[in-house]
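Take a look at the structure below.
Just so it is clear, none of the values below were taken in a lab; they were calculated from the coordinates. Note that the structure is predicted; figures quoted are calculated from it, not measured. Virtual Cβ from ideal backbone geometry, glycine too; neighbours counted across all protein chains shown.
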Amino acid sequence: MRKDRIAKAFALFMTLVIAGTTGCGGRKTGLNETGNKNVSTQKTSDIQKKDGESSSSEVQDKKKELVGKKKKSSVNLSNEEVKKCKQIYKDYNSSLLYHFLKQSWGDNPQKGLVACSNINMYLANGMLSEMTAGQSREQILNSFGKNMFRADVSDCINVNEREEKEQKIIRKMMGYISGKIKSENCSLGNSAWLSDKYDYSREAGTILKNDYNAYSLTGEMGSKSFNDKINKWIDEQTGGKIKGNLKTNKDMAMLLLSAVNFKEQWKVRFDKNNTRKGIFYGQSAYTCGNTTEEEKIDKEKCSFLNSEYAYAYTENGRYQAVSIPMTNANMNIILPKENVAADKLINNKDAKQIISLCNTFNKKWDYSKIVKFSMPKLDFKSELELNPLMQDMGIKNIFNGKKADFSKMFVSDGENKSEGGIYVSKAKQNSRMTIDENGCSMASYTEIAIDALADEKKDTVTMNCNRPFIIIVSTSDGLPIFMGAVNRVA
């Protein structure tokens, strides 16, 4: 059915890094319809895959202690499919980390603390791939590392068959990764808010509901009542930690929201008696061509967490790294060496190595040392503009009204949709991160004390995060959930 007008903006596409339980629901025909917010879409798989083996039983026991419990996925896959899903996700995260640091440290040093949810970006791009066609879709698939599953579609005899097979692979990937990441302490949520001025593909809507567990609702974009419903969803998902203040406009065709809520406590508590004031040597936001090296540094006084523990540790000529165990996750801290400027630690090789360290069985980890560790307490909110980041990763057409192809989502009425002006007008990610003596949360404060361990016979190394550093939190089996870049702490 032909509509009154073609929207000048496709959506405000926001991924919120604080949320709650997953919702689901199909395309709605009225404002009074809602989805079931507590529905699981997949069966639990018994397939488990180890990430590596250790050289000694003592080290193996230490690794098991640091890694925590492994989680089952909600998708049944063969061992080969599991291996491929993990590799594609890790390669995607290597690329994402590179472009994230390039934007946060290289191109935009004005922002002191920036967080990015890896899994939100991944799931959001998966949903976008279901809605797009042509080059718009190809660019999204390429961001996943499309060559990884090129062989799986080599026997397809036509384009439609190939694309359908590719999307089935993507749905399996999304289901497996989200199933591995979801836990009692990490919940995922997606929703789609549709304008009542358009007809939408029922097939695409069903896929979003069944394969992405996306809650959906149709209403009048720009109306107060519809905005209130959207902001209520945000408030509910964040537990009020991020106040919903989102406003749609009448030209929006669709709004996607994707969220993750993470909270974990340390396995080994940071003793509050050891928290002390110190100086953080941050990256100045005010630099120019003739700025001296001394002027590039902002000295900030803040509280530092301190501990001595047998953390997994590694270093090379460019950075130090430590893996801090949580109950069912790990936090990796990457600290550039003093002679390596933070903005110089930006290349594909470093990004790939850093992501590989999310695997606690990586042979580079040394479990034999006591680490004298220090890092600032953090509690911050940030906004990350995703438009430039996604375009830098090669996803460009969806932001261009003349090139974006969302024909798989919108029912064709005979018009050329590529000239219809439906495109992504804005993409951003809101986040809040708290790191203190008790643990790390993306939504709420947790307080559980665990006794520290010590071993005086082990060698000691010092890692003082009093200058810009990187944070990466991953699941117990090495799948990144979110990351942060700390330039300043104020």
Stokes-Einstein, Kirkwood over Cα pairs, the stretch 120-248, 4 °C, 1.567 mPa s; D in µm²/s equals 78 µm²/s
Take the Cβ-Cβ distance between residue 377 and residue 80 as r, set R0 to 60 Å, and report the resulting FRET efficiency rounded to the nearest 0.05. 0.85
Taking every alpha carbon pair in the stretch 365-408 and sorting the distances into 10 angstrom bins from 0 up to the bin holding the longest one, the percent per bin comes out as 18, 24, 17, 21, 14, 6
Residue-wise HN-Hα coupling along the stretch 269-281, computed from phi with Karplus coefficients 6.51, -1.76, 1.60 (Hz; x: Gly, Pro): 5, 7, 5, 4, 5, 9, 6, 9, 6, x, 10, 9, 9
Sorted largest first, the Cα spans of the stretch 191-269 on the principal axes come out in Å as 54, 29, 15
Computed over the stretch 311-428, Kirkwood Rh from alpha-carbon pairs, angstrom: 18.3 Å
According to the Cα gyration tensor, what semi-axes, each the square root of 5 times an eigenvalue, does the equivalent ellipsoid of the stretch 317-356 have, listed from largest to smallest in whole Å? 22, 12, 7
Between beta-carbons, use under 13 Å as the cut-off and find the net charge around residue 231, counting Lys and Arg +1, Asp and Glu -1. +2
Please list log₁₀ I(q)/I(0) at q = 0.14, 0.17, 0.20 Å⁻¹ for the stretch 158-232, using the Debye equation with identical point scatterers on the alpha-carbon positions. -0.63, -0.83, -0.97
In nm, give the distance between the simple-model label positions of residue 303 and residue 459, each being 7 Å from the Cα along the Cα-to-Cβ direction. 3.5 nm
Given the options 259, 230, 245, identify the residue whose Cα lies farthest towards the positive end of the charge dipole of the stretch 226-265 (+1 on Cβ of Lys, Arg; -1 on Cβ of Asp, Glu). 245
Roughly how many debye, to the nearest 20, is the charge dipole of the stretch 102-235 about its Cα centre, given +1 on each Lys and Arg Cβ, -1 on each Asp and Glu Cβ, and no other charges? 320 debye
